[in-house]
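Remarks on the structure that follows.
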Amino acid sequence: MVCLLAALMLQGCATPDTSHADEQATAAQRKELNEGYSLLYDAVSGIQNMDKLLYAKVESDRVEKTVTDISDYATKLTRDLERITEEFPAIKIDLKPLPDLEAKKRELQSSANLKDLAPVIGKTGHVFERRLLLSLSGLLDQLKFQAQIMSEEEPDPALKAVLADAESRFAGLYEEVVTVLNEDYFKHNTYSPPENPARDY
């Protein structure tokens, strides 16, 4: 009891100063969001020219339109994120937040996909288009939820609006992809088993 009274007297019975704790929490939140912005930028900047790279391999008009729609929005969001870093110096898009093992796993997965989707030596026809759409559906689904989480966490109203719009756009593109898959590709026997099921790379 004596210690408690002494402590209260030393504090002048005032409310404890939590500003430093708030600053630390804000800094931790911004660091986490910047990791998210960096992952988002890495993903969309990597697919912004997909329509040009895959132009020679896409045979279906619907797939061509879908790929173009995705590339167009990826290009827009890439530029928006670059502009944001100029207007908001606290925003970073060049971080490498992934652990080494996760980064290596993604690199290996990307290499395997590139082997199938390569413009000259990869798969072609319905096999290629179905594999491409399946890959895009997974990516867009992940980006949709990433944008949603970031939008919920982002304290700045302007940035929150950008992320909310990204969530909506990714959701729309995802629906576009799965609609084409369902209507045009799930009825084809387009599965192509790997030569080595255990390790196709």
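Details
- The range 40-49 - residue that is within 13 Å of Leu77 (Cβ to Cβ) and of a type outside the set (Ser, Thr, Tyr) and, of those, surrounded by the most Cβ atoms within 10 Å (Cβ to Cβ): Val44
- Condition broken by Arg79, with the remaining ones in (1) touching a residue at least 12 places away in the same chain (Cβ under 8 Å); (2) basic (Lys, Arg); (3) within 18 Å of Leu163 (Cα to Cα) satisfied: (1)
- Any hit, the range 174-183, residues being open to solvent by 60 Å² or more (accessible area, probe 1.4 Å), in contact with a helix residue (DSSP H, G or I) (Cβ under 7 Å, 6 or more places away or on another chain) and assigned to a helix (DSSP H, G or I): no
- Checking Glu107, Glu86 one by one, the residue that is in a helix (DSSP H, G or I), modelled with pLDDT under 75 and open to solvent by 40 Å² or more (accessible area, probe 1.4 Å) is Glu107 and no other.
- Boolean, Val162 is farther than 14 Å from Asp69 by Cβ, β-branched (Val, Ile, Thr) and crowded, with 16+ Cβ neighbours inside 10 Å: yes
- The single condition from (1) open to solvent by 70 Å² or more (accessible area, probe 1.4 Å); (2) at pLDDT below 90 that Ser19 fails is (1).
- Filter pass, Asp80 being within 27 Å of Gly36 (Cα to Cα), modelled with pLDDT of 95 or more, part of a helix (DSSP H, G or I) and among the acidic types (Asp, Glu): yes
The values are calculated or read from the model by the stated rules, or taken from the named source; none is laboratory data. For clarity, every value in this text was computed on a predicted model and none was experimentally measured. In this analysis, Cβ positions are derived from the backbone assuming ideal geometry, glycine residues included, and neighbour counts consider all displayed protein chains. Calculation scope for accessible area: heavy atoms of the full protein, side chains included, ligands and nucleic acids excluded. Shrake-Rupley method; radii C 1.70, N 1.55, O 1.52, S 1.80 Å.
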